[in-house]
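Where a number appears in this text, it was derived from the coordinates with a stated rule and is not lab data. Not measured: the values here are computed from a predicted model. As a convention, Cβ positions derive from the backbone with ideal geometry for all residues, glycine included, and neighbour counts pool all protein chains shown.
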Amino acid sequence: MEVEIKMFKQKSNRDTAYTDEELVRKIVAKNDPYFFSILYDRYAQFVYNKCFTFVNSEQEAEDLTHDIFIKIFVHLKTFRGESKLSTWIYSLTYHFCIQYINKKKTEKVIFSNEITEDFRDEVDDKLAESELFEIKYTKLHEILLQLTVEDRMILLMKYQDELSVKEIMKILKLNESAVKMRLQRARKKVLELSERSK
């Protein structure tokens, strides 16, 4: 993609000279743009890709990436190292994009904190999961675009980014059963849409 090459071509060997933790310490202590540019080089493509999955527009994804890195710079001092920096950035990106999309909508997407505990067995979940993998990629892509942003993103977190339930819990700030319920519901919607399109 031309935009990605143009926007993120400045990768260099300096990218690997520091760990994430060292970079955070140096940025917070010195406010030095050089160290922040290393952090940018390391995570810009990652943030851009996440933004693009939300908005499906190169220009909007670039604008969001820019805004998110300003937010990262401002809030980096709040990073406590309780999770990996990549998880913290993922969480910040996810919530920023959700807020952006909600602002664009006339009706806000509301996350329910009251999620029922009675969901199907793990056996049913595994069955639904195996059926997901049988859907062809192009068809799956079309189906994902029909889902709500929240359903699409939780599936991408689990199956594209290979995040664990615990990592998803941290990002979404939900308990384990809520994350499992959302995953189950999103998988069910994909399978229903897949059946309808046969």
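When Lys and Arg each count +1 and Asp and Glu each count -1, what net charge do the other residues less than 9 Å away from L144, Cβ to Cβ, add up to?
-1
Quick one: which of K104/K180; K103/K139; K50/K170; K26/K173; K103/K180; K50/K188 span more than 19 angstrom between C-alpha atoms?
The pairs that break the limit, which is 19 Å between Cα atoms, are K104/K180; K103/K139; K26/K173; K103/K180; K50/K188.
For segment 2-104, report the translational diffusion coefficient in µm²/s to the nearest whole number, using Stokes-Einstein at 20 °C, 1.002 mPa s, and a Kirkwood Rh over Cα pairs.
Calculated translational D: 152 µm²/s.
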